[in-house]
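*Asks:* So that we are looking at the same thing, I have put the structure below in structure tokens.
The values are calculated or read from the model by the stated rules, or taken from the named source; none is laboratory data. What you see is a predicted model, and the numbers here were worked out from it, not measured in a lab. Cβ placement follows ideal geometry from the backbone for every residue including glycine, while neighbour counts extend to all protein chains displayed.
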């Protein structure tokens with residue numbers, strides 16, 4: 001029998017990719033995007049009717065907040081979209097039986113970790129609105145009584161990402177393809193853990209296939225890459241783009257803070273999962289839609 005999967009935010013970047021990999025499942029998507037099967041806000045009372053009629057085995061909760069900078073700019077909206085929407089969803093799901101919720105959280109819940117790479121057992125101390133909202137949503141889910149699976153994901157990039165609104169790599173590309181200087185916050189030596197979208201989807205699919213429940217996994221490459229290393233690769237594609245411009249990140253102004261990356265031993269062991277894309281392969285795939293090739 002086919003598994004039934006309901007995806008909130010199914011028309012978004014991650015949800016649209018996941019649907020392509022779940023041909024053997026019945027899928028229904030809900031959210032505010034016009035391309036959803038049901039265009040509704042998660043606070044809509046119709047959500048409960050949809051769940052009742054579809055009777056999903058799994059709910060992939062992807063409609064939850066945007067990104068760190070936008071969360072700082074619009075705190076009330078982000079709280080509603082991340083925390084309150086999760087609470088409403090859980091209240092609806094708790095009226096039914098045998099549903100597992102898969103939630104996409106973020107490495108931002110760790111804040112300014114003292115030890116790197118960060119392991120799942122390390123105390124989460126978010127400093128950003130985005131990270132605090134994600135952690136609160138996690139707690140709502142883990143205390144709900146439902147079976148759950150939470151992925152704390154690093155910086156995602158990939159084909160189909162919104163160049164203007166998404167992560168640092170997409171924003172770099174958006175400016176460089178328009179022959180504008182990429183904007184770097186604080187330092188070219190700042191680093192993060194970057195993971196290609198297909199590796200994220202592969203982990204989610206494996207967790208569904210293996211019926212993993214009641215776990216929290218770090219999901220990243222497990223490697224630290226500096227912004228300079230990212231830009232060095234991108235300049236091979238955008239050789240005429242101006243040099244980067246440095247600006248101060250008011251959220252992370254601390255000179256001692258350089259970045260974080262994730263320990264992924266747990267997910268590798270439990271799911272027999274590993275990253276297939278290194279940064280060069282991922283960027284090549286992402287830029288293929290622009291018909292660009294490296295200029296060596």
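*Asks:* From the residues in the stretch 103-123 that are in a loop (DSSP other than H, G, I, E, B) and touching a strand residue (DSSP E or B) at 6+ places or on another chain (Cβ under 8 Å), which one is nearest to residue 86 (Cα to Cα)?
*Replies:* Applying the first criterion (in a loop (DSSP other than H, G, I, E, B)) to the stretch 103-123 yields 111-117, 119-123.
With the extra rule that they be touching a strand residue (DSSP E or B) at 6+ places or on another chain (Cβ under 8 Å), the set shrinks to 117, 119-120.
Values: 117: 29, 119: 25, 120: 22 Å.
Looking at the filtered set, the residue picked out is 120.
*Asks:* Here's another thing I want to ask about it. With under 22 Å from residue 214 (Cβ atoms) and surrounded by fewer than 23 Cβ atoms within 10 Å (Cβ to Cβ) as the only criterion, which of 144, 166, 128, 106 stands out?
*Replies:* 144
*Asks:* Could you pull out every one of the strands (runs of 3 or more DSSP E) wholly within the stretch 185-296 that has 2 or more residues that are at pLDDT below 95? Don't jump to the end; show me each part of the working.
*Replies:* Working: elements: 194-196, 215-219, 245-247.
Output list reads 245-247.
*Asks:* What number goes with the only condition from (1) touching a helix residue (DSSP H, G or I) at 6+ places or on another chain (Cβ under 8 Å); (2) at pLDDT below 95; (3) closer than 23 Å to residue 213 by Cβ that residue 97 does not pass?
*Replies:* All conditions pass for residue 97, except number (1).
*Asks:* Another question, then. Assuming residue 185 fulfils every condition listed in (1) surrounded by fewer than 16 Cβ atoms within 10 Å (Cβ to Cβ); (2) out of contact with any helix residue (DSSP H, G or I) (no Cβ under 7 Å at 6 or more places or on another chain); (3) on the phi < 0 side of the Ramachandran plot apart from one, which condition is it?
*Replies:* Looking at each condition in turn, residue 185 falls short on (1).
*Asks:* Quick one: which residue in 116, 112 is in contact (Cβ under 8 Å) with a residue 12 or more places away in the chain, more than 18 Å from residue 43 (Cβ to Cβ), out of contact with any helix residue (DSSP H, G or I) (no Cβ under 9 Å at 6 or more places or on another chain) and crowded, with 17+ Cβ neighbours inside 10 Å?
*Replies:* Exactly one of 116, 112 is in contact (Cβ under 8 Å) with a residue 12 or more places away in the chain, more than 18 Å from residue 43 (Cβ to Cβ), out of contact with any helix residue (DSSP H, G or I) (no Cβ under 9 Å at 6 or more places or on another chain) and crowded, with 17+ Cβ neighbours inside 10 Å, namely 116.
*Asks:* For the stretch 54-70, how many residues meet the condition of being farther than 14 Å from residue 130 by Cβ and not in a helix (DSSP H, G or I)?
*Replies:* Residues that pass the stated criteria total 9.
*Asks:* Next up: Could you check how many residues of the stretch 187-202 are in contact (Cβ under 8 Å) with a residue 60 or more places away in the chain, farther than 11 Å from residue 276 by Cα and touching a strand residue (DSSP E or B) at 6+ places or on another chain (Cβ under 8 Å)?
*Replies:* Summing the residues that are in contact (Cβ under 8 Å) with a residue 60 or more places away in the chain, farther than 11 Å from residue 276 by Cα and touching a strand residue (DSSP E or B) at 6+ places or on another chain (Cβ under 8 Å) in the stretch 187-202 gives 7.
Condition check ((1) surrounded by 18 or more Cβ atoms within 10 Å (Cβ to Cβ); (2) farther than 16 Å from residue 233 by Cα; (3) within 17 Å of the chain's Cα centre (by Cα)) across all residues:
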| position | (1), (2), (3) |
| --- | --- |
| 173 | yes, no, no |
| 178 | no, yes, no |
| 181 | no, no, no |
| 197 | yes, yes, yes |
| 210 | no, yes, no |
| 214 | no, yes, no |
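*Asks:* Just to be sure, is residue 179 at pLDDT 95 or above, under 30 Å from residue 243 (Cβ atoms) and outside any helix (DSSP H, G or I)?
*Replies:* Answer is yes for this residue.
*Asks:* Suppose we filter the stretch 71-102 for residues that are buried (at least 16 other Cβ atoms within 10 Å of the Cβ), in a helix (DSSP H, G or I) and either in contact (Cβ under 8 Å) with a residue 60 or more places away in the chain or in contact with a strand residue (DSSP E or B) (Cβ under 9 Å, 6 or more places away or on another chain) (or both); how many remain?
*Replies:* Going through the stretch 71-102 one residue at a time, the tally reaches 6.
*Asks:* Now, a different point. Take the residues in the stretch 30-53 that are assigned to a loop (DSSP other than H, G, I, E, B) and within 16 Å of residue 88 (Cα to Cα); name whichever of them is farthest from the chain's Cα centre (by Cα).
*Replies:* Looking at residues that are assigned to a loop (DSSP other than H, G, I, E, B) and within 16 Å of residue 88 (Cα to Cα), I get 45.
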